Amino acid sequence: MLKYVASFIFFNEVRRILLMGKKSKLETNLEYAAVRLIVGSLGIFPRPFAVKTGCLLGNLTYRISRKLRQTGERNLTMAFPELAAEKRERILRDSFTNLGRQLGEFSQFSKTTPASLRQIVDCEGLAHLEAARASGRGVILVTGHLGMWEYSSLALSAFGYPLSFLVRRMDNPKIEQIVDQVRTKFGNRTISKDGATRSMLKILKSGGTLGILTDINTTAREGIFVDFFGIPAATTFIMAKLALRTDALVLPTFALWDEEKQRVLLKIEPPVTFEKTGDEPTDVRNLTAAATKALENCIRHYPGQWLWIHKRWRTRPQGEPEIYTA
């Protein structure tokens, strides 16, 4: 049962870490039943209790998931070599707690309304989004697995700013259906990563809004290397190519947990600026690097809220040794 708790907490990417390989029909149904039980049980209770329970599950997962801890420790050593080991451990613990918190929050989404969201979400920088949309150009909201990232799209749609966003479908279609129903309940649209280019171009050329997560490791064929915490990281170039070919504006957007206020801060930053040369490969790299730097800056302010258990630097430039050894 704990395996299934962890698998749902960590959504798409972490599910592949814990549950790789093709599932039988029985495994698919058992996993779906476990998730329905966990999320449904938490959803019965008031939000404070559900969130607290989710945090406890996150802490429990920290204790039992040695491989995930090792990945997180390696990442934090590379990103914050100047920090004492005790501080890096605290960040990693907070990261698991944050994932558990998101599980608790997700369990409440089925009964969430726009009015209830306004009771727990503060918006900062909404004027940047309004100005970008008013320009008539397409808008790309670029974000990462930071804070309460599911809120970044859900809250915007509930507040009257629906968007389309790129997703990687889960390998369990029944669980994918649960997640997709929540993500689209206020008018959002999800776009599968496979064969999505034409749809995304159409959205941006018509002045629509598109959301893309850009902090997941890619293959060398699907990405380019830009610095992330001073270390070359294989990063998707699709966001930059779409922006350059449609003249879309790129706005870093993050849903962060404010521990002091016990609220979610939906933060929309001004459009990303970068040195434009007129040479597409160079401009793609410069824009990708600038957007990645915006994400890094936010992670540095909220280090305990990023997905440190993801092997972000797994793909290496040719000739470089592997970072994550067995």
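The set of residues in region 145-161 being in contact with a strand residue (DSSP E or B) (Cβ under 8 Å, 6 or more places away or on another chain) and in a loop (DSSP other than H, G, I, E, B) consists of H145, M148, F159, Y161.
Would you mind stating whether W308 is surrounded by 18 or more Cβ atoms within 10 Å (Cβ to Cβ), in a strand (DSSP E or B) and either out of contact with any Cys (no Cβ under 7 Å at 6 or more places or on another chain) or aliphatic (A, V, I, L, M) (or both)?
So W308 does not fit the description; no.
Residue check: E275 meets all listed conditions (1) among the charged types (D, E, K, R); (2) free of Cβ contacts under 8 Å to residues at least 60 places away in the same chain; (3) under 26 Å from S157 (Cα atoms); (4) in contact with a Ser or Thr (Cβ under 9 Å, 6 or more places away or on another chain) but one, namely (3). Can you find even one residue in region 278-291 that is over 21 Å from A132 (Cα atoms), more than 18 Å from the chain's Cα centre (by Cα) and in a loop (DSSP other than H, G, I, E, B)? Scanning region 278-291 turns up at least one residue that is over 21 Å from A132 (Cα atoms), more than 18 Å from the chain's Cα centre (by Cα) and in a loop (DSSP other than H, G, I, E, B). Of the strands (runs of 3 or more DSSP E) that lie entirely inside region 162-245, those containing 2 or more residues that are more than 28 Å from G136 (Cβ to Cβ) span 223-228, 231-236. From the list R88, R36, R47, R66, which one is more than 20 Å from the chain's Cα centre (by Cα), modelled with pLDDT of 95 or more and not β-branched (V, I, T)? After ruling out the rest, the residue left standing is R88. When region 241-274 is filtered for residues that are in contact with a Lys or Arg (Cβ under 8 Å, 6 or more places away or on another chain) and of a type in the set (A, V, I, L, M, F, W, C), the ones remaining, listed by number, are A248, L249, F254, A255, L256, W257. In this entry, E130 is excluded by the filter for residues that are over 21 Å from F186 (Cα atoms) and either touching a Cys at 6+ places or on another chain (Cβ under 6 Å) or of a type in the set (D, E, K, R) (or both). Tallying residues that are buried (at least 24 other Cβ atoms within 10 Å of the Cβ) and either in a helix (DSSP H, G or I) or of a type outside the set (A, V, I, L, M, F, W, C) (or both) within region 132-142 yields 1. Among the residues making up region 106-147, those that are touching a residue at least 40 places away in the same chain (Cβ under 8 Å) and among the aliphatic types (A, V, I, L, M) are L117, I120, V121, L126, L129, A132, V139, I140, L141, V142, L146. T273 meets the conditions (1) in a loop (DSSP other than H, G, I, E, B); (2) in contact with a strand residue (DSSP E or B) (Cβ under 8 Å, 6 or more places away or on another chain); (3) β-branched (V, I, T) in every case but one. The failed one is (2).
Tell me yes or no: at least one residue of region 214-229 is buried (at least 18 other Cβ atoms within 10 Å of the Cβ) and of a type in the set (D, E, K, R). Within region 214-229, one or more residues are buried (at least 18 other Cβ atoms within 10 Å of the Cβ) and of a type in the set (D, E, K, R).
Among the residues of region 38-55, those identified as assigned to a helix (DSSP H, G or I) and exposed (fewer than 13 other Cβ atoms within 10 Å of the Cβ) are G40, S41, I44, P48, F49.
Does T273 count as closer than 16 Å to R137 by Cβ, surrounded by fewer than 23 Cβ atoms within 10 Å (Cβ to Cβ) and not basic (K, R)? Yes, satisfied.
Looking only at region 194-212, which residues are within 20 Å of the chain's Cα centre (by Cα) and under 20 Å from L129 (Cβ atoms)? Within region 194-212, M200, T209, L210, G211, I212 qualify.
Table: residues versus (1) among the aromatic types (F, W, Y); (2) farther than 20 Å from L146 by Cβ; (3) touching a Ser or Thr at 6+ places or on another chain (Cβ under 9 Å).
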| site | (1), (2), (3) |
| --- | --- |
| V226 | no, no, yes |
| G230 | no, no, no |
| A243 | no, yes, no |
| W257 | yes, no, no |
| K261 | no, no, no |
| P281 | no, yes, no |
| L295 | no, no, yes |
| Q318 | no, yes, no |
| I323 | no, yes, no |
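Out of I299, I309, one residue alone is among the aliphatic types (A, V, I, L, M) and within 18 Å of S65 (Cβ to Cβ). It is I309.
Which one of these is over 19 Å from the mean Cα position of the chain (by Cα), part of a helix (DSSP H, G or I) and without any contact (Cβ under 8 Å) to a residue 24 or more places away in the chain: E73, E82?
Answer to the check: E73.
The values are calculated or read from the model by the stated rules, or taken from the named source; none is laboratory data. Just so we're clear, the structure is a prediction, and the values are computed from it rather than from any experiment. Neighbour counts run over all protein chains shown; Cβ positions are idealised from the backbone, glycine included.
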